[in-house]
Amino acid sequence: MRLDVLGAATLTLGSAGIVLGLSMFGQSGVAPAVPPVVLTVSAGVLAWFVAHCLRAPVPFVDVRLLVESRFARSAVAAFAQMFCLGTALLAVPLRLTATGESTATAGMVLFALPAVMAALAPLVGRTTDRIGGRRVLRFGLAVLVVTQGALAVVLSADEPNLWLVACVLAVTGAGIAAVQTPAAAGSTRSPAGAQGTGLGVFNLIRFGGSAVGAAWVTIALSAWSVGVVFVACAVVVCIGFGAPTSDETRRMPPHLPLPATPTHTLSGS
């Protein structure tokens, strides 16, 4: 079977356009009317992608499976945790250097976040296998809501306490670690995850969260305080709690049978 070129192209162009449009807000030399136009056109391209995949006999990805509860929960949670990560990696150093800290000091404080993420990854994996991904994921989201609010407070001080900032970042890393592993596992075990392109869409959403988070920092810091930046992160994480849970999956009717997997979804084909 042939690759659905139109579906692949519209998904790629629409997603890239959304990130580009967001990053253009507040940029010098960019007319105020340009970002909304780019966002509108990109949203239209993504709508075209959905309409095309619903009609195509062998679509690039079966978009009906993307709203299945396990995949949707995992994708929204992954977007939220990467949004927080992308925001922290940019906003924290900018805030610390703006208050007089050196770049090296800001980097050392920020290192607490990825260090804890990496250290806790094996433990999170074992815990997910033992008690289930849904509990671990929701615990991680709860931690992120608290830490994003805490970052909004501690970084709003005239001279942020570096040890306090590092501690909050470390707990943030724990929250991100508790989300990313069960989210990835949930997407892999979902009906959409049975298709290679479905996992591609999950990763597009996940890494798109980081890009959108960085773009949000550019927009927010040009108009508001750093506190607003992280309050928005907390709101995004709260949206992750609204995604359907695995309990709802059992109440849903069986999903439609999967179409034959096109050869372009198989590695090496």
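Only one of the numbered conditions (1) in contact (Cβ under 8 Å) with a residue 12 or more places away in the chain; (2) in a loop (DSSP other than H, G, I, E, B) is not met by A78, and that is (2).
This table checks each residue for (1) at pLDDT 85 or above; (2) hydrophobic (A, V, I, L, M, F, W, C).
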{"position": "T188", "(1), (2)": "yes, no"}
{"position": "G196", "(1), (2)": "no, no"}
{"position": "S222", "(1), (2)": "no, no"}
{"position": "V226", "(1), (2)": "yes, yes"}
{"position": "G242", "(1), (2)": "no, no"}
{"position": "T245", "(1), (2)": "no, no"}
{"position": "M252", "(1), (2)": "no, yes"}
{"position": "T265", "(1), (2)": "no, no"}
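Residue count for region 36-70 satisfying the condition of being outside any loop (DSSP other than H, G, I, E, B) and at pLDDT below 90: 7. Kindly indicate whether any position in region 147-156 is touching a Cys at 6+ places or on another chain (Cβ under 7 Å), in a helix (DSSP H, G or I) and modelled with pLDDT of 95 or more. Yes, that holds for at least one residue.
Here is a list: Q195, Q148, Q180. Which entry is more than 19 Å from F79 (Cβ to Cβ) and either within 14 Å of the chain's Cα centre (by Cα) or surrounded by 20 or more Cβ atoms within 10 Å (Cβ to Cβ) (or both)? I'd like the intermediate steps shown before the answer.
Details: Q148 fails: more than 19 Å from F79 (Cβ to Cβ); Q180 fails: more than 19 Å from F79 (Cβ to Cβ).
Just a single option satisfies the conditions, and that option is Q195.
Of the numbered criteria (1) crowded, with 16+ Cβ neighbours inside 10 Å; (2) part of a helix (DSSP H, G or I), the one R135 fails is (1).
If the requirement is being within 26 Å of F241 (Cα to Cα) and either surrounded by fewer than 19 Cβ atoms within 10 Å (Cβ to Cβ) or of a type outside the set (A, V, I, L, M) (or both), which of these qualifies: A75, A47? Checking each option against the conditions leaves just A47. Scanning region 9-43 for residues that are out of contact with any helix residue (DSSP H, G or I) (no Cβ under 8 Å at 6 or more places or on another chain) and either farther than 20 Å from I219 by Cα or in the same structural domain as F207 (by TED's automatic domain parsing) (or both) returns A9, T12. Could you check region 85-131 and list, in sequence order, the residues that are without any contact (Cβ under 8 Å) to a residue 24 or more places away in the chain and touching a Pro at 6+ places or on another chain (Cβ under 8 Å)? Correct list: T103, A106, G107.
Among the residues making up region 215-231, a single one is surrounded by fewer than 21 Cβ atoms within 10 Å (Cβ to Cβ), among the small types (G, A, S) and in a helix (DSSP H, G or I): G227.
The values are calculated or read from the model by the stated rules, or taken from the named source; none is laboratory data. Just so it is clear, the model here is predicted, and its values are computed rather than measured. Here Cβ is always computed from backbone atoms with ideal geometry, including for glycine, and neighbour counts include all displayed protein chains.
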